[in-house]
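One structure is given below, encoded as structure tokens.
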Amino acid sequence: MPLSNIVRVSRHITYVVELLGRDATGSIAALFSSFRVEWMPPDRLPMWNVYNVNIRTNNDLESWHFKMNRLAGKRHFGFYELLQLLIDEQGSTETLNQQVTSGRVTASDLHIKNKKYEELQQRITALTAEYDGGTRTLQQFLRAVAYLVPEGENS
């Protein structure tokens, strides 16, 4: 959904988070509080928006895991070596996050795509253009996108 729509519905999201966390106690209450502080401020909404961005979580996670294994090499890390590797990764991630937030880098700049997913993304981009142009309703758009995704990934 375009960022303008996310901003418009953000008060509903805030309400739902408040409603779900209302009766929470202990660590669950702390989780809701942390979520509200970290992810609910208005300046964080653009980070929620993946409209027109192809993100494949499994591929991203597998890529990160491969990178960490490559950095670790074949040896078994001790606790402090692993901790240092994770601290370095956190620093890199925070820098990248700042670059994306500032607009210097976009999420689509960060992905290397294979041919199969590139073609799928082109189809989704065409459907998105139809939705943006008003030739498809939101329901028609979502049905068309769901049709493109194999059954196992669609449930």
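The values are calculated or read from the model by the stated rules, or taken from the named source; none is laboratory data. In this text, all values refer to a predicted model and were calculated from it rather than measured experimentally. Here the Cβ is made from the backbone with ideal geometry for all residues, glycine too, and neighbour counts use every protein chain on show.
Observations
- Count of region 113-137 residues, restricted to those that are surrounded by 13 or more Cβ atoms within 10 Å (Cβ to Cβ) and not in a helix (DSSP H, G or I), is 2.
- Of all positions in region 138-149, at least one carries a residue that is assigned to a loop (DSSP other than H, G, I, E, B), at pLDDT below 85 and either surrounded by 13 or more Cβ atoms within 10 Å (Cβ to Cβ) or not assigned by TED's automatic domain parsing to the domain that holds residue 9 (or both).
- Considering 65, 12, the condition of being of a type outside the set (Gly, Ala, Ser) and modelled with pLDDT under 80 is satisfied by 12 alone.
- The listed residues are 86, 71, and the only one of them that is outside the structural domain of residue 145 (by TED's automatic domain parsing) and either at positive phi or modelled with pLDDT of 85 or more (or both) turns out to be 86.
- Within the set 48, 39, the sole residue that is of a type in the set (A, V, I, L, M, F, W, C), at pLDDT below 80 and within 27 Å of residue 128 (Cα to Cα) turns out to be 48.
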